[in-house]
1. With the cut-off at 19 Å, tell me which of the pairs 163/230; 414/446; 159/230 have Cα atoms farther apart than that.
2. In what sequence, largest accessible area first, do 262, 127 appear using a 1.4 Å probe?
3. Take the Cβ-Cβ distance between residue 130 and residue 35 as r, set R0 to 22 Å, and report the resulting FRET efficiency rounded to the nearest 0.05.
4. Listed here are the pairs 152/455; 369/491; 224/260; which of them are more than 22 Å apart at the Cα?
5. What do you get for GluC sites (Glu not before Pro) in the stretch 36-111 restricted to DSSP loop and a cutoff of at most 11 other Cβ within 10 Å of the site's Cβ?
6. Round to a whole angstrom and tell me the spacing of the C-alpha centers of the stretch 209-223 and the stretch 52-126.
7. Roughly what would the spin-label model give for residue 198 and residue 147, points 7 Å off Cα along C-beta, in nm?
Amino acid sequence: MAKRKREAAAKEKVKKRNTREKSQIKALNMEAYEELLIWAKDKGINLNGVEPRRIPGRGMGIVATKPLEEDETILTVPSTTLRTYETVHPSISRALPKDISIHGLLAADLAFDPSPSVKYRQWNTVCPSREDIWDYLPLTWDHQLREFLPRKALELLLKQEAKFEKDWSMVQQSKLLSSGPGQKENKSLEEEECGTLNKGITRDDYLYAWLLVNTRTFYHETPKTKKFNKDDRMVLQPVADLFNHTSYDPSTEEKEGNKKTCSVAFSPTAFTITTTRPYAAGEEVYICYGNHSNDFLLIEYGFLFDENVWDEVCIDDAILPLLDQAQTHSQSQQQQQQPPRKVTRRLNERGKKEPKSQASQQQPPKSPKEILEETGFLGNYNLDPRNPTGCYRTQVALRALSALADSPGPQGEKKFRAFIDYGQDPWEESPEEQAKLNALLAQALKRWSSDVIEKKIRDGLDKLEWREGHEGVVGRECHRGLLSMRWMQVKRMVDRALKELEG
């Protein structure tokens, strides 16, 4: 009994200490934001009727301090305060290959910046901590968790990883990292003037800087940046990067989660954010990072929306098995057919055999999968709130399956190609034909939901051990929470589609 009391008292003591530490961290964070605003004002950055505030359960955001009217400019950031490829110190930019991405260059500027530099100290202080980045961005997670990402999210993650590894490889090959044993470092005059660069950084140090750039840059198109790839037209800017994102589709203004956002604009002299509707005092003010799905938001920014008007889910894992099944059935039928009788060809006047007849040269009928691949419609099938019964590519795949199931061979292919090439759509014109397509998609979605989605959640994530200190723990609890949330969103979208298909 006494032992239990001691354990309970110890736990309570730890809980109070953690609460006290969190309160102290919050206080320090608010002081950092206050210092940022003082610094911003000194640099000519103007906030009108808005300020950074802590949003319960969501970190920091920009909130209206007074009623705002439509078409009010609430933030002006002079171009001289922007952190661009041109502001990177020559001692860093000259040490890197000329073909390194702007993303990689800005990350190097953050990572190797000495001390950090006085110029950006207040700005750097309010950036997310490394712990925050490691909590929410999948690029930092244990690789064993990747099997629990939806297909589209995994594709995005692998592309992101390839970009990072390319940039990191260039940094490794440069003279920015510490010299090898016994090698003397030659400091340039520029290094002497700006201070010693932080040459002892690790891969994780650079990854942290790279992900800060990834999550906090804005698209920046100027006459100079137009010469770059679209992905390289990026800029870091103070205060503006504190605005949170929300999804907005003007065609569905009444839909839940659809919030009209502020407009953003660049001019040669400044970056501005302007309201597009009235705001009440205390209301959070948003901008839109783009029309992005939750898979994209998770990989690029580390968060998900409960309601996202631009969300979509890739259903290749539901549709491709149908195509594989149809292909197997087609091959089986061909094998069961009697082999063609041997045609004896006569000799012509020159003593050569006559050409084979057209019948003897006839190719076996193509499967739906082969035809879809030929026409560029294989894969990338999606459901989204605007098209709960599948995107156009999904409907094309279903029509290929239906056409060749009803008429295997040239007749079925002709019917399908008439739809692709000339827009002739007998399925849409016939309620019975459309009902067949709906039933086909519903069957695929039900099988996928049962065998993959529910199994992945129930037998995968739910059975992983997440107890602190337990051997074999994979990742962190917050990683599991984000993955579970995403799969529940996928399940909800599939359920909506089934309701529409069977309604």
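The values are calculated or read from the model by the stated rules, or taken from the named source; none is laboratory data. Note that the coordinates shown come from a computational prediction; the quantities given were computed from them, not determined experimentally. Every residue, glycine among them, receives a Cβ derived from its backbone with ideal geometry; neighbour counts consider all protein chains shown. Ligands, DNA and RNA are stripped out before the accessible areas are found, and what is left, the full protein with its side chains, is counted by its heavy atoms. Shrake-Rupley method; radii C 1.70, N 1.55, O 1.52, S 1.80 Å.
1. Going by Cα-Cα distance, 414/446 fall outside the 19 Å limit.
2. Ranked from most to least accessible, the order is 127, 262.
3. Calculated transfer efficiency: 0.60.
4. Cα-Cα > 22 Å for 369/491; 224/260; rest within.
5. 69, 70, 86
6. For the stretch 209-223 versus the stretch 52-126, the Cα centre distance is 9 Å.
7. Going from the residue 198 label point to the residue 147 one covers 3.7 nm.
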